[in-house]
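See structure below.
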Amino acid sequence: VRQAVAMGIDRQRIVDTFYTPGSEVASHFTPCAIPNACTGEDWYEFNPEAGRALLAEAGFPDGFDTTLYYRDVVRGYLPQVSLVAADIQSQLKENLNINAEIEVMETGAFIDDSANGRLNGFHLLGWSADYPHITNFLDYHFGASQLQFGAAYPEIYENLLQGDAIADEAEAAKYYEAANNAIKELVPMVPVAHGGSGTAYRADVEGAHSSPLTNENLAVMKPGDRNTLVFMQGAEPISLYCADETDGESLRACEQVLESLLSFEVGGTAINPGLATSCDPNADLTV
């Protein structure tokens, strides 16, 4: 059934219609700019006929009823939320005869319920990199203790545990290849797109930048002929109890007022000491 859904959604149509320039259809869960992200097989091609055949083989020749949940929050990975949801609802019906009733949730409740596997149906969610390593994408979503997609799959997380323990990217590649192939086979989710940045500024803002980690540093910007920099984001922060939040809206505010031991360079991914004076690893990078 899950493989049928993977084949029954025209992801190229969604990207072409609703995403910003620079976005791309996802071949893997993690963007290919990150090492080992795209080892293993590419995702399924759009093939609704094969999808319907798989549904019939699984005992659902006439499709089934389900729910499609989302929060009405604009993010780089989901720029036109309600329109994308409506398009997926239409495609599921047209291509696979699956009836998906749309339910819009408050953002805090949605994050909590989706993270703990309490949404009975499909949900739309994405991820922006906190640091440029594949563990930030795969471990958070498919690790042994993660519940977002139901019970965790040992075919995925056992390979992640192996790869995570290896500092050398080339040596770890075989484990991430196996994990990516298991994600394709088991289809706990369908990767639709890697969204391009829509960050923009007035022309008179000095120091303006778009961060690949979505952690734009407002302190280095000068707002032209005014004393106040007005910055708009997709939604209000869920809270400012920073250590307990994972949503980008909360983290963007938190990162303006808190400093960590290590910091990323402004607008980039190189690591510099923050509150720390140095960071000195041992030879095999285990300490």
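Taking Cα centroids, how far is region 20-50 from region 220-239 in Å?
33
Go through the chain and flag any cysteine with no other cysteine's C-beta closer than 4.7 Å, please.
Here 279 come out as lacking a disulfide-compatible partner, given the Cβ-Cβ threshold of under 4.7 Å.
How much length would be gained if the chain were fully extended between residue 33 and residue 130, taking 0.36 nm per residue of separation minus their Cα-Cα distance, in nm to one decimal?
Values: separation 97, 0.36 × 97 = 34.92 nm, distance 1.40 nm.
Separation in residues times 0.36 nm, less the Cα-Cα distance, equals 33.5 nm.
Hey, with R₀ at 41 Å, roughly what FRET efficiency would residue 42 and residue 197 work out to, going by the Cβ-Cβ distance, to 0.05?
Numbers: r = 24 Å, r/R0 = 0.58.
According to the calculation, E is roughly 0.95.
If you rank 30, 17, 39 by how much accessible surface each has, with a 1.4 Å probe, what is the order from largest down?
Numbers: 30 0, 17 80, 39 35 Å².
Descending accessible area places them as 17, 39, 30.
Of all GluC sites (Glu not before Pro) in region 241-270, which ones are in loop regions per DSSP and have a Cβ with at most 11 other Cβ atoms within 10 Å? Before the final figure, lay out the partial values.
On the way: sites: 245, 249, 255, 259, 265; in loops: 245, 259, 265.
Loop-located and lightly packed - 259, 265.
Which value in nm describes the separation of the simple spin-label points at residue 24 and residue 287, placed 7 Å from the Cα toward the beta carbon?
4.0
Can you pull the accessible area of residue 278 for me, 1.4 Å probe, Å² to the nearest 10?
Number for this one is 60 Å².
What is the percent carbon and sulfur in the accessible area of region 178-278, measuring with a 1.4 Å probe over the protein chains and ignoring ligands? Provide the component values of the computation, followed by the final result.
On the way: 3090 of 5890 Å².
The value for region 178-278 is 52 percent carbon and sulfur by accessible area.
Assign unit charges at the C-beta atoms only (+1 for Lys and Arg, -1 for Asp and Glu), then state the dipole size of the chain relative to its Cα centre in Debye, rounded to the nearest 20. If you can, show how the numbers build up before the last one.
Values: 14 positive and 42 negative charges, 105 e Å.
That gives a dipole near 500 debye.
I'd like to check one number: the per residue accessible area of the chain, probe 1.4 Å, reported in Å² as a whole number. Each step should come with its number before you reach the end.
Values: 15400 Å² over 287 residues.
Ligands and nucleic acids excluded, the result is 54 Å² per residue.
Hey, got the dipole for region 113-170? About the Cα centre, +1 on K and R Cβ, -1 on D and E Cβ, debye to the nearest 20?
Numbers: 1 positive and 8 negative charges, 65 e Å.
Using Cβ point charges on Lys, Arg, Asp and Glu, region 113-170 gives about 320 debye.
What is the distance in Å between the Cα centres of region 91-139 and region 166-202?
Distance between centres, Cα-based: 16 Å.
According to a simple spin-label model (label point 7 Å from Cα along Cα-to-Cβ), what is the distance in nm between residue 120 and residue 185?
Placing both labels 7 Å along Cα→Cβ, they lie 3.0 nm apart.
Rounded to a whole number, what % of the accessible area of region 1-74 do carbon and sulfur atoms account for, probe 1.4 Å?
Numbers: 1800 of 3670 Å².
C and S atoms contribute 49 percent here.
The values are calculated or read from the model by the stated rules, or taken from the named source; none is laboratory data. Model, not experiment: these values are computed from the prediction. FYI the Cβ positions are ideal-geometry reconstructions off the backbone, even for glycines, and counts take in every protein chain you see. What goes into the accessible areas is simple: the full protein's heavy atoms, side chains included, and nothing from ligands, DNA or RNA. Shrake-Rupley method; radii C 1.70, N 1.55, O 1.52, S 1.80 Å.
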